[in-house]
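The structure appears below as C-alpha cells.
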Amino acid sequence: MQRKKLNELRIIGGEWRGRRIRFPQQPGIRPTPDRVRETLFNWLAPVVQGRLCLDLFAGSGALGLEALSRGAAGATFIESDRLGAERLRETIATLAAENAVVLQADALRWLEGPPQRFDLVFLDPPFGSGFAVEALRKLDSGGWLSPGAYVYLEAPAKDGAPALPAGWTLHRSGKAAAVGYHLALK
C-alpha cells in the first residue's frame, strides 16, 4: 500500500483530476480532506463554472485549485507565508493556470484594501485563530461579495455552524471527523 505524503494532495475533479500538488510541510497548513472537498464541490457543481473565486488563508491552495480545475473563471489566492505563496505560484505555473493569481499578504489586512467582487469565497483559516469571524465581517461589509455569493467556511467540528452576518443563510453543513464544513449564501 502506498502511503500518502503529508505535504501532497491530489485534485479530485475536473481538468486536473488526479494531478498531485505539493505544499510546504509547515504548522498551520491543513489541507481540506479529499472527502470534504468532494462533498463541497458536489454542492457547488451547478454554480462553480465561470465564477470568480477567492481562496483566503490559501495554504496548499487545494480549494481554489479544485475550483479552477472545475471551470471557475479565475481565482485569487491569499497566503501570508512566503514559502507557501512561492510553492503555490510554482504549482499554478506547472498547471498553466493563467486565470490564477497568488498574493503574499495577511488575509485580514488584505480585506481592508480596495474590494473586488467575488462569487465564491473559500475561508479556511488556521483552526483556533479566531480569524473566521473577522473575515466574515470584512467580506460582508467591505464590498467583496457579488450578489448571491457563496462563502465556504471550514472550522473545528466541535465549534458547530458559524455565526453568520445578518441577511446570510446557511445553505449546507457537514462534519468529517474533527472538521466542520459549512456553505453560506449571501
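The values are calculated or read from the model by the stated rules, or taken from the named source; none is laboratory data. As the structure is a computational prediction, the values presented were derived from the model and not from experiment. Virtual Cβ from ideal backbone geometry, glycine too; neighbours counted across all protein chains shown. The protein model used for the area step is the full one, side chains on, heavy atoms only, and it has no ligands, DNA or RNA in it. Shrake-Rupley method; radii C 1.70, N 1.55, O 1.52, S 1.80 Å.
Mind pulling up the Rg/Rh value for the stretch 140-186? Radius of gyration and Kirkwood radius, both on Cα. Intermediate values should be presented prior to the final figure.
On the way: Rg = 11.2 Å, Rh = 11.2 Å.
Result: Rg/Rh = 1.00.
Helix-only mean residue ellipticity at 222 nm, the chain, DSSP H runs n ≥ 4 weighted -39,500 (n - 2.57), per residue, nearest 500. What is it? If you can, show how the numbers build up before the last one.
Working: 5 runs with 48 residues, N = 186.
The helix contribution divided over the chain gives -7500 deg cm²/dmol.
Please compute the modelled spin-label separation between Glu90 and Ala105, points set 7 Å along Cα→Cβ, answer in nm with one decimal.
For the pair Ala105/Glu90, the computed spacing is 2.5 nm.
With a 1.4 Å probe and all protein chains left in place, how much of the accessible area of the stretch 120-170 comes from carbon and sulfur atoms, in whole percent? Numbers along the way, then the final one.
Values: 1280 of 2130 Å².
Summing carbon and sulfur atoms, their accessible area is 60 percent of the total for the stretch 120-170.
In units of 2.2 N^0.38 Å, what is the alpha-carbon radius of gyration of the stretch 35-159? Don't jump to the answer; show the numbers that get you there.
Working: Rg = 13.5 Å, N = 125, 2.2 N^0.38 = 13.8 Å.
Ratio of Rg to 2.2 N^0.38 Å for the stretch 35-159: 0.98.
Report the local net charge at Gly74: Lys and Arg +1, Asp and Glu -1, summed over other residues whose C-beta lies under 12 Å from its C-beta. Display every interim value, and only then the final one.
Details: positive: Arg51, Arg117; negative: Asp55, Glu98, Asp119.
Once positives and negatives cancel, what remains is -1.
In the stretch 38-136, which GluC sites (Glu not before Pro) are in a loop and have at most 13 other Cβ atoms within 10 Å, using DSSP for the loop call?
Glu98, Glu112
With an 8 Å Cα cut-off and a minimum separation of 6 or more residues, compute the relative contact order for the stretch 91-186 in percent.
Details: 143 pairs, mean separation 23.8, N = 96.
The normalised contact order for the stretch 91-186 reaches 25 percent.
Calculate how many DSSP beta bridges within the chain are antiparallel, expressed in % of all such bridges and rounded to the nearest 5. Show your work: numbers first, answer last.
Values: 17 of 35 bridges.
Here the share of antiparallel DSSP bridges comes out near 50 percent.
Before anything else, pin down the relative contact order of the chain: Cα pairs under 8 Å, at least 6 apart, normalised by residue count, whole percent.
Working: 360 pairs, mean separation 30.8, N = 186.
Relative CO of the chain lands at 17 percent.
Which whole-number value in Å² is the accessible area per residue of the chain, probe 1.4 Å?
Numbers: 9120 Å² over 186 residues.
On a per-residue basis, the chain sits at 49 Å².
What nm distance separates the two modelled labels at Asp159 and Val47, each placed 7 Å from Cα along Cα→Cβ?
2.1
Where Lys and Arg each count +1 and Asp and Glu each count -1, what net charge lies around Asp140 among other residues with Cβ under 12 Å from its Cβ?
Numbers: positive: Arg137, Lys138, Lys186; negative: Glu134.
Its environment carries a net charge of +2.
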